Structures are given as structure tokens and as C-alpha cells.
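Structure first, then comments.
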Amino acid sequence: MTVNASADALTRIAEALERVSPPPLGKPDFSDATAFVWHVEPDRLTPVPDVNRVELELLVGIERARDTLLANTRQFARGLPANNALLWGSRGTGKSSLVKAVHGAICAEGLDLKLVEIQREDLASVGRLLNLLRGAKERFVLFCDDLSFSHDDQNYKSLKAVLDGGVEGRPDNVVLYATSNRRHLMPRDMIENERSTAINPSEAVEEKVSLSDRFGLWLGFHPCSQDEYLAMIEGYCAAYGVSVGADELRAEAIEWQATRGSRSGRVAWQFFTDLAGRKGVALT
């Protein structure tokens, strides 16, 4: 083998080893954006220049949860003690929208707060993420949307690193906000199955169910009333300049929710999107 061929072979081997075991992630420049998404293989934080969110005042019918989460987040952004938060309840009721809207409101107040989204399937890497954020001057809200666990899912153990912190403790500049359709993060039938089949039923259930107890704030979200549903749509119309008669709006909105079989903030937004399109109004 020639010298050049040997050098080429060594280069290919070195590149392959780097792909298998990438170099440690350096400290990112958090001034690039106010929000980031955590990716693995390789580990990296990708800045999000334009967060997909609605304004806080457009979220109708969840005022108590809004005020509680806003106050908790403001405390945290100011360097004061704050709780991890679990937003649970019916689908489409504004849980993830509230987290993003609160983050936007806090940033608008001039406070330096970063939102870092982590996918449920990447929770096993959360320890590496915490090490990356530990010691940074910025403050971070870790956001895990649609969090839930199956009976053989071990990712809930990784989540304890954020909630309890282990030996090192959770970094003072990090809190976790999670949303879930389930109050205890696992289906009721799975809880009952654990109780009926485990050798020690109470211990088997408590290990997983108690995870939700580690969140300092539990904020419940429930289906909205028809008046709240209509108020959401009217708020969107006012905010985006969509002009439509009150009787026409009410009739079409009620028909839309009847065909969907539910009322929620998500259904209200979907109706408004259709309405704005028919009226020729761009939502930008």
C-alpha cells in the first residue's frame, strides 16, 4: 500500500470514529435566539429565530393557569425560586400554546429567558443537556410537549434528573415545563394493570405515578364552554383584522365545532384559519 493510500485509509477511519463518537459539544452562543431545540446524534442546540406562538392575551378561558404560570416564570427569569410545572388536561385546550406565549411575554418584558424544547424520546440525553446549561449566565425553561409513558418506558427515570437533580442537583438556572393529556403521565388502565399484576402493586404504581408529584405546579386544562369558544374566535378576528357579521360568525363557528364533535382552543383556531382564508386575510 502506498503512503497516500495509507493516509487516505487513516483519514476515513478517523472520520468514521468521529461519526460514532462525536467530539464534545462546545458552549453554544445563546445570544443567537431566545428559543432552541435540543437534538441528539450528534448533540446540538438549534436556534429557533421565529417561535410559532400566539399572543398571551388571545388565550381565553385559561386565565387562572395563565396567571399562575406567568408569575412562576417571571420569578424564575428574575433569578428567584420557581417550580417545575406540569400542564395537564384535554387535548387542544392551549397547554403548549400557553408555555410559548408566557415565554414570549417574559421576553417582551426585557428579561433574558431561553426556551429549550426537548422531545420525549430524547429524555435519556437530558443529563448531557443539563451539563451544557449548567453554569451559563442565561436562565432556561426546558419544554417537553405531550409527555407520557408506557409500561416499559424507562425515560421517566431520566426525567428525574431534571426534577430531583440527583447528586449534583438540578442547575439553578433550569426549570422544566411539561404538557400531557394525563395527570399522572401514564394511562389509567396501565395503572390498574400494574396494581393487579405486580408482586408489590403499591410499589410498582408509586414508582411511576409519583413522578408527577415532583412537579411543584399542576395546572389543569378542561374543555371550554361555548361562550369561551366564541370569545376565542372573536379575539382572533379582532387581532388579525377579519371583519364578519356577529350572527354569521356565531352560526358558522357553532356549525364548525359541531362537525368536529368538540370545542377547544385548537378547534377555534382551526375555524378561524378557515375563515381568514375565505376572507382573504393572511395570518402573518
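The values are calculated or read from the model by the stated rules, or taken from the named source; none is laboratory data. Note that the structure is predicted; figures quoted are calculated from it, not measured. Counting neighbours? That spans all protein chains shown, and the Cβs are built from the backbone with ideal geometry, glycine included.
Among the charged types (D, E, K, R) and either surrounded by 21 or more Cβ atoms within 10 Å (Cβ to Cβ) or in contact with a Leu (Cβ under 8 Å, 6 or more places away or on another chain) (or both) - does that describe any residue in segment 94-105?
Among the residues of segment 94-105, at least one is among the charged types (D, E, K, R) and either surrounded by 21 or more Cβ atoms within 10 Å (Cβ to Cβ) or in contact with a Leu (Cβ under 8 Å, 6 or more places away or on another chain) (or both), which makes the answer yes.
Find the residue count for segment 115-154, including only residues that are modelled with pLDDT of 90 or more, assigned to a loop (DSSP other than H, G, I, E, B) and surrounded by 21 or more Cβ atoms within 10 Å (Cβ to Cβ).
Within segment 115-154, residues that are modelled with pLDDT of 90 or more, assigned to a loop (DSSP other than H, G, I, E, B) and surrounded by 21 or more Cβ atoms within 10 Å (Cβ to Cβ) number 1.
Restricting attention to segment 168-175, does a residue exist that is modelled with pLDDT under 70 and assigned by TED's automatic domain parsing to the domain that holds ASP67?
Yes, segment 168-175 has at least one match.
Give segment 49-58 a look and list any residue that's surrounded by fewer than 16 Cβ atoms within 10 Å (Cβ to Cβ) and either farther than 23 Å from SER97 by Cβ or not charged (D, E, K, R) (or both), or say none.
PRO49, VAL51, ASN52 - these are the residues of segment 49-58 that are surrounded by fewer than 16 Cβ atoms within 10 Å (Cβ to Cβ) and either farther than 23 Å from SER97 by Cβ or not charged (D, E, K, R) (or both).
Select from segment 254-284 the residues that are small (Gly, Ala, Ser), touching a residue at least 24 places away in the same chain (Cβ under 8 Å) and not in a helix (DSSP H, G or I) and list them in ascending order.
Listed by number, the residues that qualify are SER262, SER264.
Taking segment 40-74 as the region of interest, how many residues are touching a Lys or Arg at 6+ places or on another chain (Cβ under 9 Å) and either at pLDDT 95 or above or not in a loop (DSSP other than H, G, I, E, B) (or both)?
Matching residues across segment 40-74 total 2.
Among the residues of segment 233-248, is there at least one that is outside the structural domain of ALA71 (by TED's automatic domain parsing), outside any helix (DSSP H, G or I) and of a type in the set (Val, Ile, Thr)?
Taking every residue of segment 233-248 in turn, at least one turns out to be outside the structural domain of ALA71 (by TED's automatic domain parsing), outside any helix (DSSP H, G or I) and of a type in the set (Val, Ile, Thr).
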